[in-house]
Structure formats: structure tokens, C-alpha cells
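Working notes, beginning with the structure itself.
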Amino acid sequence: MTTELRGKSAIVGTGHAGFGEAHGLTAYDVMAQSALAALGDAGLNLSDVDGLFCTMMEDSMPALMAAEYLGIQPRFIDGTMSGGSSFVNYLTSATMALDAGLCDVALIVYGSNQRTASGRLVTASRPPAYEAPYNPRYPISAYAMAAARHMHEYGTTREQLADVAVAARAWAQRNPEAFERGPLTREDVLGARMVGDPLTVRDCCLVTDGGGAIVMVHADRARDFPKAPVYVLGSAAESSHRQISQMKDFTVTAARASGARAFAAAGVTPADIQAVELYDAFTINTILFLEDLGFCAKGEGGAFVEGGRIAPGGVLPVNTNGGGLSCVHPGMYGIFTVIEAARQIRGDAPGIQLKDIDLALAHGNGGVLSSQVTAILGSQNTL
Amino acid sequence: MQDAIGPDQFFQRALAEGEILLPKCDDCGAYHFFPRVLCPHCHGAAISWKQAGGKGRVHTTTVVRRKPERGGDYNVCVVELDEGVRMMSRVEGIAPGEVVIDMPVTAFVGEAEGVPAVLFKPSEG
């Protein structure tokens, strides 16, 4: 995205469904309930939607399936699959499509029933041929090896990783929509069952059901809707690899590039951001992304998160809904970073509502630290 | 052209015969892995095969925890060969938790999931 697209589109509706356990529902049911919720939030109907941005784990043409299920015939679709970052990526393509007049109402939507359907992460992707024989547990082995390398190079500790999970839980405890709200201490995380060294099960995201949806329109008409518009000030992507064995530097993600371009497009800096919503599939993610997005220097992420510094009342509000670690994680969490960032700006966050939020960052991660997409959202005041 | 084989098959066939061959770009001289029809560094399409030296170091490592009745814990790691390429593998001959970053390792052809695979053991001395 170039700076020419700054503020050209706005989120006018958000919605979600099936958080936690969506008994008896298919992934497409959850998707459709999410769509209805977001359109209701925007005061629109499904018949108004002419741009559809969707991917799911369920089959190879999920955007077509979703359109068929919803009973719409969109004139623009984007089903680009870059994993959990896809939905942050759609902010860019939706903005382009809206600004070019290719569609008037863009619906970004996702749904999953992975918890009640199978109880484990559902993935449609095949194990990479040159990795599969070694039986890595997908995706945790990849993230565990990134964490191991970060610990080796920078002295990051398991305690610091644990503090990411503890902070996420503290936010979740104040969010009635969050799935895991019980107490969680550093000792609980460290003492939990080891899954892939150095990560315990409490260093890992939840496995839940859930769906989310976002309605976007061109900025020219964004003030005609019931809720305060949230503008896309900048969004940018970078992809670095597909297989973890091909990642050039296990301690530096493409978020460094996506973040720099998103900040440049928005004309703001990390110091301006008031709420940070990161894709925290594993505790190491939060540390890597805080570093790569410029909230702290490379190697200092461990110290940055230590002892409640990103928890409620800390120095930087990170994952204010509880994140994928404690709020919801239906397989691809990316859309929820955007929804929480938008709600913080609108002032209707479900949990702790921060005061006077004008600028928030949403960051999506896809694959095995493979695809990084950063979006910077702002209120009317930031235009 | 029924006998034609691509880079993936060429690598796998050599492996089945106990040889580890690495693709090397004729244009820029860099090795790459996995095998493919072009060089990912300079994008040249002239690729030759070289016998791997077999020496490398563990770049990063993890232990996949698994219940004993299902086979127990095992190592998954990424090794960087002296040729400069990295591959996923595992180190055998020591406990999975004793595999550490920067450990010198030596490649051998073994079996993983019933197929020939490049495996590693700790280098001696």
C-alpha cells in the first residue's frame, strides 16, 4: 500500500460468533453468523455486500463456498491464502478495490469449528516434502525452534516467554468474551506440560472455535453508518519463506519490513501507537513482533515483556482482548487483531477499554513466521 | 522423454543409493536446498550436483514431546551444512534433549518415516 491509499477506506462494522465452542455448527455456519453480526453492526444487509474477502481451512475454494452459502454474488473476491495473516492482508486489497470502485461494500469474513470438530488445529496444508519425514509437529516445532534460537542469541528466558502468556491472561480475565479467564502465573506456564522444547502447552495458543467479520466501505461514505468509522491508515505485507527450514534468520521476521512500510504509509511511528494487537500463536511471537515492528530493539523483546510490562497497567497495552493465547484461536487468528484494534478505537472493546485511543496496530502472522502483515488503524482524528 | 527426471527425483534417487548430493548453481556458485530447477540466489537455471561434504552444525533444535507408549520424545532440528545450506533433520545417537545449537554434526543416510532421509550424528573429536 502506498501513502496514496492512507485513510481511503474505513471499517464500519465488526462482528464475531462461536467463540470458544460452537456446538453443532459447521465452520461455514460460524462464518455466516460472524458476517451477520458485522453487517448488523454496520446497519447493512448481506444484499449490500458486493466484495468478499475470505479464506477458510475447509476446502480449496473457500471464498466461492462462502459466497454461495451467504447467497450473494460478489463482483470482487479475494481468497488469497497466506495463513492467519490473510485477513489483515485483505485490508489492503479491500482498500484498493473500494478506492478503484471495484466494490462498494467489502466483507472480510472467517469461521472455524476446529475445537468441536476435531479438538486440534485444523489445517488444509500438506506437510512440506523436505520436512515431513522428520515429523515436526506442525506448527509448534517451527515456533519452538525460533524460540530456541532467540534464547541462544539474546539470552531470552523461558520466564520471559511465560510472562507473555501471563499478560495475555490478565487482559483476558477482564474480557467476558475471552475463552480462558482462569488465573495463570509464570510458574503455571513453566510447570505446564512441555510440548516442544522450550514451549509448554501454556506457551501455545488456544484451540477454539470462532469466526470474525469486518465490513469496510470507502472513506467518502464512512460517516454514514451507526458506528464511528475506523480508518485504514497504512497496511503492508512481506513474505519470507514457507518452510521453517528455509527461514534465513530465525530471530528476525518479515514484520520488520511490513511494519516499516505500514508506518511509512500511515505517517506515524511506533511511539504513536496506543494499542498493539499482535498474532500471538506462541509466546515467542509477541517478543519477535514487538522487536521487528520497532517497539524495542532486536534482542530486547524478552526484557520488554518481563514482569507485566505488556499486561494491564503496564508500559504498552498489547493484545488487549487476551490474544490467541487466552481469548480465542480458531486456527487463523489474524482477523481478531483487526477487530480488537478497531473496537479499541471505537471505544466499544469487550474487555478493558483503553482511554481515548486514536491509533492502534494490528499485526497478522501466517504459516510458520512466513507471512507478515501490519495494519495501522486510526480514528477520525488521525485523518 | 519417459526417462527424464526432475531435481527432486534426482536427489531422492541418489539418496536411495546412499549418496547425499547438493544442487550448486553454475552461474553464482552458491549451493541451495531443497533441489529445484533454478537457483534461488541468482535465479540462474544451470544447476550441477555436488557430493555433500557431510559436515555441519545444528542451527536450531527442539524436542517433540510424545508419550512413551507412542514412541517417546524425539529430536527435530535444522542443520546448516558447511556448504551453506540448511535442512530439517534430526540428530541420532544421543538423547533428543542433548542436541544443542552449534553442535558439530555429521550427515549420514538413514531412514525416516520409511523413506531414505538425511540424518545426522554428533561429529567425533
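Only the coordinates and a few stated rules stand behind these numbers; no lab work does. It should be emphasised that the depicted structure is a prediction, and the values quoted were computed from it without experimental measurement. Heads up, the Cβs are rebuilt from the backbone with ideal geometry, glycines too, and the neighbour counts pull from every protein chain shown.
Across every pair of non-identical alpha carbons in the range A:293-383, the mean reciprocal distance, once inverted, gives a Kirkwood radius of 14.2 Å.
Listed by chain and number, the lysines whose alpha-carbon sits under 28 Å from that of residue A:8, ignoring those within fewer than 8 places in the same chain, are A:227, A:355. Inter-part distance, the range A:80-104 to the range B:63-125, computed on C-alpha centroids, equals 41 Å. Across q = 0.07, 0.13 Å⁻¹, the protein assembly as shown modelled as identical point scatterers on its alpha-carbon atoms has Debye log10 I(q)/I(0) values of -0.39, -1.21, in the order of the q list.
Please report A:56, A:145 as a ranked list, fewest other C-beta atoms within 10 angstrom at the top and most at the bottom. Numbers along the way, then the final one.
Details: A:56 26, A:145 30.
The fewest-first ordering by Cβ neighbours comes to A:56, A:145.
Each Cα pair of the range A:1-140 feeds into the Kirkwood radius, which the Stokes-Einstein equation turns, at 10 °C and 1.306 mPa s, into a diffusion coefficient of 98 µm²/s. Net charge of the neighbourhood of residue A:111, taken over other residues with C-beta under 12 Å away and scored Lys/Arg +1, Asp/Glu -1, is -3.
Can you sort A:99, A:41, A:209, A:280 by how many other beta carbons sit within 10 Å, fewest first? Let's see the in-between values first.
Values: A:99 15, A:41 22, A:209 26, A:280 31.
With the sparsest Cβ surroundings first, the list reads A:99, A:41, A:209, A:280.
The distance between label points at residue B:19 and residue B:100 comes to 3.8 nm (points 7 Å beyond Cα on the Cα→Cβ vector). How far is helix B:7-16 tilted off the main Cα axis of chain B, in degrees rounded to 10, range 0 to 90? Once rounded, the angle reads 50 degrees.
Against the main long axis of the alpha-carbon atoms of chain A, helix A:255-266 sits at an angle near 40°. Computed about the Cα centre, the dipole magnitude for the range A:246-383 is approximately 160 debye when only Lys and Arg (+1) and Asp and Glu (-1) carry charge, each at its Cβ. By the Cβ distance rule of under 4.7 Å, the protein assembly as shown has these cysteines without a partner: A:54, A:103, A:204, A:205, A:296, A:327, B:77.
Our coupling estimate for the range A:299-305, obtained by passing each phi through the Karplus curve with A = 6.51, B = -1.76, C = 1.60 and θ = phi - 60°, is x, 9, x, x, 5, 5, 8 Hz, Gly and Pro reported as x. In this label model, residue A:117 and residue A:193 are separated by 2.3 nm, measuring between points 7 Å along each Cα→Cβ vector. A run of chain B free of exposed loop cleavage sites, with GluC sites (Glu not before Pro) counted only in DSSP states other than H, G, I, E and B and at most 11 other beta carbons within 10 Å, reaches its longest extent at B:18-112.
Annotation: aspartates and glutamates with alpha-carbon distance below 16 angstrom to residue A:298 (same-chain offsets under eight excluded): A:153, A:249, A:306.
Per the helix-only calculation at 222 nm, which mean residue ellipticity applies to chain A, given -39500 (n - 2.57) for every DSSP H run of n ≥ 4 and division by its residues, nearest 500 deg cm²/dmol?
Using -39500 (n - 2.57) per qualifying helix, the result is -9500 deg cm²/dmol.
Subtracting the Cα-Cα distance of residue A:48 and residue A:224 from 0.36 nm times their residue separation leaves 61.9 nm of extension gain.
Label sites at residue B:115 and residue A:99, each approximated as a point 7 angstrom past Cα along Cα to Cβ, lie 4.4 nm apart. Note the angle between two axes, namely the Cα long axis of helix A:86-99 and the longest principal axis of the Cα atoms of chain A, as a number of degrees from 0 to 90, rounded to the nearest 10. For A:86-99 against chain A, the angle is about 30 degrees.
Here A:143, A:69, A:90 are placed in order of increasing Cβ neighbour count within 10 Å, fewest first, which gives A:69, A:143, A:90. Working note: Cα gyration tensor of the range B:55-122, eigenvalues times five, square-rooted, sorted largest first, giving semi-axes of 20, 14, 9 Å.
Using only Cα atoms, figure out Rg for the range A:107-234 and give it as a multiple of 2.2 N^0.38 Å.
Numbers: Rg = 19.1 Å, N = 128, 2.2 N^0.38 = 13.9 Å.
The value comes to 1.38.
Once you wrap a convex hull around the alpha carbon atoms of chain B, what is its projected area averaged over all directions, in nm²?
On the way: hull surface 36.3 nm².
Here the figure is 9.1 nm², rounded to one decimal.
For residue A:137, the amide hydrogen comes within under 5 Å of no other amide hydrogen, counting only partners 5 or more places away or on other chains and with H modelled in the peptide plane.
Taking the alpha-carbon distance from residue A:248 and a cut-off under 12 Å, which aspartates and glutamates remain once sequence neighbours fewer than 8 residues away in the same chain are dropped? Qualifying aspartates and glutamates at Cα under 12 Å: B:80. Mean residue ellipticity at 222 nm, helices only, chain B: -2500 deg cm²/dmol; runs of at least 4 DSSP H residues each add -39,500 (n - 2.57), and the sum is divided by the number of residues.
Using Stokes-Einstein with the Kirkwood hydrodynamic radius over Cα pairs, what translational diffusion coefficient do you get for the range A:188-325 at 10 °C and a viscosity of 1.306 mPa s, in µm²/s rounded to a whole number? Rounded to a whole number, D works out at 92 µm²/s. Taking the charge dipole of the protein assembly as shown about its Cα centre, with +1 at Lys and Arg Cβ atoms and -1 at Asp and Glu Cβ atoms, the residue from A:367, B:51, A:352 reaching farthest to the positive side is A:352. For the range B:7-51, the C-alpha radius of gyration sits at 1.08 times the compact-globule guess of 2.2 N^0.38 Å, with N the residue count.
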